[in-house]
1. Hey, what does the equivalent ellipsoid look like for region 225-280, semi-axes from the Cα gyration tensor as sqrt of 5 times each eigenvalue, largest first, whole Å?
2. Could you check how many percent of all C-alpha pairs in region 137-280 are farther apart than 24 Å?
3. What is the spread of the Cα atoms of region 10-95 along each of their three principal axes, largest first, in whole Å?
4. Trypsin sites (Lys or Arg not before Pro) within region 222-280: which are DSSP loop residues with at most 16 other Cβ atoms inside 10 Å?
5. HN-Hα J couplings of region 93-99 from phi, Karplus 6.51/-1.76/1.60, θ = phi - 60°, integer Hz, Gly and Pro as x?
6. So who's got an amide H within less than 5 Å of the one on ARG244, skipping anything under 5 residues away but keeping other chains? H placed 1.01 Å off N, in plane.
7. At 0.36 nm per residue, and after removing the present C-alpha to C-alpha distance, how many nm does the segment from HIS97 to ARG243 gain when stretched out fully?
8. If I model a spin label at LEU74 and ARG27 as a point 7 Å from the Cα along the Cα→Cβ vector, what separation in nanometres do I get?
Amino acid sequence: MSGSPPELPIVVLDALMPTAQNLVLNRRGSMVWEVQSRRGHYAVKIGYPIEATAEWPAQPWTALAPAREGAVLLRLGLVDLAYGEWEHGTWNFQPWHEGPDLYKLWEPCRRPGSSIEPHISVAMGCVESLAELHAKGWAHGDVQPAHFIIGPERTHLIDLALAQGGHVPEGYDFPFRGCLVHYEAPEVARSVLDTGEAEPTSEADIYALGASLLISATGWRAVEYPDDAPRSIQREAVADGRRRPVKGPGELGNLVDAMLSHIPEDRPTIFEVGKALNSL
């Protein structure tokens, strides 16, 4: 990729014919655009490979991620989308979801001295969106606060490029090598350390949801490690279960603790989490 300002690939421009476009993300192998067109309001994702640096190995899979996500979304029944290839990788477009993400919405709860508690209804919206995915036989693999968009009518779970649960075209598939370590379940972290790969599961999604609720409500991640630690050191801390002595507010905190159990089988299912939230 050159250092010139990024532009949408010609194939996407031809498909959407934008009336307005705004680059909202451009980092490490991925660009996301908000695009308005006569066809509708879309998120456009553009992938390209990450070149090796002194700090990071090369990551060719990022070029395939948008097409893989497009294939997953089609398998899940979304029809208002498309995906394909461009000269540096792949792309997709899908409906744009308006609203703040979970971390941004709960920012007032994290202010020093704040007495504002997280709304249980917001947590329930996150649970419902993940429950829909699990009910279809898929695990998300990359649950984190930024991937829950709290809309005016419902919560949307986005970024399904790493999801597992059904057929993905071989040319766009790639192994799961973990996700953002803050939200990685201990068994996932251990597998990545030992083999370089792991398997997304519904139990790991539950752990990640618990970690997402905790950090969004308190500002603290679930596991103790230095902020600037190498990723392998972070994963060792997660795999060893080095929990921080921090707890979410009220009864939500007890539920989150159960979701963050070191043993996958001891975590509640997504439906049990929903039932527990309904009783709060």
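Laboratory data are not the source of any read-out in this text; all were calculated from the coordinates shown. Quick caveat, the model's predicted, so the values are computed rather than measured. Ideal geometry is used to build each Cβ from the backbone, glycine not excepted, and the neighbour counts take in all protein chains shown.
1. Whole-Å semi-axes of the equivalent ellipsoid: 27, 13, 8.
2. 29 percent
3. Sorted largest first, the three principal extents are 44, 29, 19 Å.
4. On the way: sites: ARG231, ARG235, ARG242, ARG243, LYS247, LYS275; in loops: ARG242, LYS247.
Passing both the DSSP loop test and the Cβ count: ARG242, LYS247.
5. These are the phi-based 3J(HN,Hα) values: 10, 8, x, 7, 10, 8, x Hz.
6. The list, which skips near neighbours in sequence, is VAL223, GLU224.
7. On the way: separation 146, 0.36 × 146 = 52.56 nm, distance 3.36 nm.
Once the chain is fully extended between HIS97 and ARG243, it gains 49.2 nm.
8. Using points 7 Å along Cα→Cβ, the separation is 3.0 nm.
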